[in-house]
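In what follows, a single structure is set out as structure tokens and then discussed.
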Amino acid sequence: MIAVDIEKKLKAHNGLQMLRIKKVFVPGSITRITGPSGAGKTTLLKMIAGLITPDSGSIKANSISWFEAAQNIDLSPQQRRVGFVFQDYALFPNMTVKQHLEYATNDAEWITRLLKTGGLDNFTGHKPNHLSGGQQQRLAILRALAIKPKLILMDEPFSALDLKMKSALIKDLQIIFTELGATTLIVSHNPQELDGVTGDELEIG
Ligand SMILES: Nc1ncnc2c1ncn2[C@@H]1O[C@H](COP(=O)(O)OP(=O)(O)OP(=O)(O)O)[C@@H](O)[C@H]1O
């Protein structure tokens, strides 16, 4: 269970705006995070991952405090071991598809399974600039899953995929999420994006 109760002053171009989030994410659930541009969706994911520090409050994973402002507890992203899919992919330009996954895990069987899931099994030697936008996005998803995380944070993870590819991938990902026993948060602008996926919703802003 991930329990988030935090506040953060967002520095927007038109002044300060307070982001307040109080929400419990049930184990194994998939939550779609919605809200207008600039509401703080990416900032929320980054605070949960340990990449941005909230101003106050707490973030707890099961009984472990990841962040506790009052006690100065703030675990590093490495300690939190979250799978993160960045909106801009954040791939390594000099690494091949396979190296991206090998960097995260040495479980060869798992790597093979992920490459197949993402339809990248024929592109293992390609670097990002020799992949299409959709392939890059799938690689970003596979890399996040490589560490077998218990919490998966995805920022607009399907924006570059066509409808057919997206629904096939979502089906396969759901199986993987269940196997991992992972809790998943997905930022998505598109209300139809996760059609057919039973899940919770958190609206921000
Ligand atoms: N570390 C930070 N500290 C304070 N404010 C921040 C920080 N990072 C980003 N912001 C501000 O927070 C606001 C929300 O940004 P964020 O990217 O979280 O929005 P979003 O809801 O994900 O938007 P979009 O849908 O356009 O991606 C922006 O005005 C941004 O400038």
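Values quoted throughout were computed directly from the atomic coordinates according to the rules given, and no laboratory measurement underlies them. Bear in mind the structure is a predicted one, so any value in this text is a computation, not a measurement. With ideal geometry, Cβ positions are generated from the backbone for all residues, glycine too; neighbour counts draw on all protein chains shown.
Taking region 33-136 as the region of interest, the number of lysine pairs whose Cα atoms are within less than 29 Å, with members eight or more places apart or on different chains, is 8.
Please identify the helices of the chain, taking whole runs of DSSP H, that span at least 24 Å along their own axis as judged from the Cα atoms and have a mean Kyte-Doolittle score of -0.5 or higher. Working shown, then result.
Details: long enough: 163-180 (25 Å, 0.64).
Taking the DSSP H segments of the chain (at least 24 Å long, mean hydropathy at least -0.5), we get 163-180.
Listing Ile52, Ile141, Ile175 from fewest to most neighbouring C-beta atoms within 10 Å gives Ile175, Ile52, Ile141. For Phe84, nonlocal amide neighbours, meaning residues 5 or more places apart or on other chains whose placed amide H falls under 5 Å from its own, are Leu153. Comparing Pro149, Leu91, Pro27 along the charge dipole axis of the chain, the residue lying farthest to the positive side is Leu91, per the Cβ-charge model. For region 85-177, relative contact order (Cα pairs under 8 Å, six or more residues apart, normalised by length) works out to 38 percent. Counting beta carbons within 10 Å around each of Thr96, Thr183 and listing the fewest first gives the order Thr96, Thr183. By the beta-carbon count within 10 Å of each Cβ, the least crowded to most crowded order of Ser56, Ser76, Ser29, fewest first, is Ser76, Ser56, Ser29.
Here the chain carries DSSP beta bridges of which approximately 60% are antiparallel, counting only pairs with both residues inside.
Expressed as a whole number of Å, what is the distance separating the alpha-carbon centroids of region 82-104 and region 1-79? Region 1-79 and region 82-104 have Cα centres spaced 23 Å from each other. Would you compute the Debye intensity of region 113-159 from its alpha-carbon atoms alone, equal scatterers and no solvent, and pass along log10 I(q)/I(0) at q = 0.32 Å⁻¹ to two decimals? Here log10 of I(q) over I(0) equals -1.30.
Only helices enter this figure: runs of n ≥ 4 DSSP H residues, each worth -39500 (n - 2.57), summed and divided by the residues of the chain, yield -9000 deg cm²/dmol at 222 nm to the nearest 500.
Expressed per residue, the C-alpha convex hull volume of region 1-139 stands at 148 Å³. Computed from phi, the 3J(HN,Hα) profile of region 5-22 under the Karplus parametrisation 6.51, -1.76, 1.60 (θ = phi - 60°) reads 8, 9, 10, 8, 7, 8, 9, 8, 5, 9, x, 8, 9, 8, 9, 10, 10, 9 Hz, with x in place of Gly and Pro. Couplings 3J(HN,Hα) of region 57-66, computed from phi: x, 8, 10, 10, 10, 6, 9, 8, 7, 8 Hz, in residue order, whole Hz [Karplus 6.51 cos²θ - 1.76 cosθ + 1.60, θ = phi - 60°; x for Gly and Pro].
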